[in-house]
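Working notes, beginning with the structure itself.
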Amino acid sequence: MAATDRYRKASRPTFDEGERQDMTRELIELRSALSDINVFLHAERQQVSRLHAENEQLQLANLEAEKKVSMLLTLSGLTEGELKVFLRDARRTTIVKQRLPPHLRMLHNKLREDLPKPAPGHPEESDEELILKAEINSLKKQLQESKRNWQCEKDALLQDRTLVASENKLQVSKDEAHINLLTARLEESQNLVTETIQDSLKSKSKMQDLEMKWLAEKDYLLSVLASMEENMSLVSHLEAIGRSGSYTDLTKTKSTCELKDLRRENELLRTEMAEAEDLRAVYESQCLQLEQKMCKLREEKEASEQMFKERNQKLAKQIEMLKEENMKLDERRKTDTRGFQSSIRLLKEDMKTVVHQMYKLTMAFSGDTIPVDFTVLNEMQAVATLVRAVQNTISEARRRALRGRVTLSILESYR
């Protein structure tokens, strides 16, 4: 009974099954919510960069409109204080082409002649050049904004990666501790089972020895009883002679002393038979007690074997659940890495397009006289190296996931 109690203590569950399932469910929900938040943040950052680009385009359109208004003011000869603008719906009015009257046209020509001519060393910049310069400035701002957004996204991705790595390390440590505890308890239960089996075998051997002794004693008592039955006929004949008082048949016997000896032997045999009967009853009670003990030991052995089987089934279920959780985590990690790779690829494509546009614009406006500004290209090269570093970290995380899978397969082989 003490061995069964120790086995029950060793085979008790490590923690409640419902609590463990609730904890795993909450952990999965939190991880999915974290990934959704990361996706929403990425979408918001893309929306912010898009709004910045639209704002730059609107600023360029506003600049062009201001230039057109200033040109119209110079042509009309009006000042800003005299100008009044009425906004109306163009669909309800008909557009009439305006022409300058002759006196205004003459005034416009005179003003153009009076304008100071640019110096030969400083050529006059046309409107197209100004617009292109403004576009270059806006593209530079967009590039800076995209770099800033990319830096923020990179920091967020690195932070997410560190969080995922720390969570994975914590989960792996918890799993290892749990597996070590389960293995220790499994070894303890196996040791207890071996001890109980040895005890049952010893008790069985003792029972067999006692049974052999009882059978030998039984054979001896049966032989004694048979000899007593053989002598009973002679004793009954002698008693009949003693009761009748006729001693005519005593000629067959040698003397009356022999009769007394026979009576004495009869008494001794009766006492021995009574003692043998008592011993038989004692041995029979001992055999019954031993049989009861043997039945109890068999029942305890069956109960311990059943408990051991149930414990092994529970351990197998827990290992299967750990395997499923690891597979889900691996799939989640794969989806995260795919999302990271797609976002990095899109960022690289955007940066390449921006670099090509900047290069074309600088080559179009600089020509052969002004050297190419390689700082932007160096910055883009640095960005490319950072992207490669992020890809290397993703591959390292994938290798760690493969190592975790290998360790899980090793644990399954041990099971």
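The values are calculated or read from the model by the stated rules, or taken from the named source; none is laboratory data. All figures in this text were calculated on a predicted structure; none of them were measured in a lab. We place every Cβ from the backbone using ideal geometry, glycine too, and count neighbours over all the protein chains shown.
Structure summary
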quantity: The listed residue being at pLDDT below 75, part of a helix (DSSP H, G or I), β-branched (Val, Ile, Thr) and closer than 30 Å to Met307 by Cα, out of Thr14, Thr4, Thr24; calculated: Thr4
quantity: Residue that is surrounded by the most Cβ atoms within 10 Å (Cβ to Cβ) [pool: residues in the stretch 160-183 that are farther than 19 Å from Asp330 by Cα and out of contact with any helix residue (DSSP H, G or I) (no Cβ under 9 Å at 6 or more places or on another chain)]; calculated: Leu181
quantity: Selection within the stretch 261-308 - surrounded by 12 or more Cβ atoms within 10 Å (Cβ to Cβ), more than 27 Å from Lys202 (Cβ to Cβ) and small (Gly, Ala, Ser); calculated: Ala276
quantity: The stretch 58-72, residues that are touching a helix residue (DSSP H, G or I) at 6+ places or on another chain (Cβ under 9 Å) and closer than 15 Å to Lys133 by Cα; calculated: Gln59, Leu60, Leu63, Glu64, Lys67
quantity: Search result, residues across the stretch 110-154 that are of a type in the set (Gly, Ala, Ser), assigned to a helix (DSSP H, G or I) and at pLDDT below 75; calculated: Ala134, Ser138
quantity: Checking Ala134 against (1) in contact with a helix residue (DSSP H, G or I) (Cβ under 9 Å, 6 or more places away or on another chain); (2) small (Gly, Ala, Ser); (3) closer than 30 Å to Lys323 by Cα, the condition it does not meet; calculated: (3)
quantity: Which listed residue, of Leu210, Leu192, is surrounded by 13 or more Cβ atoms within 10 Å (Cβ to Cβ), within 19 Å of Glu284 (Cα to Cα) and in contact (Cβ under 8 Å) with a residue 12 or more places away in the chain; calculated: Leu210
quantity: Lone qualifier among Lys252, Lys260 - being charged (D, E, K, R) and at pLDDT 60 or above; calculated: Lys260
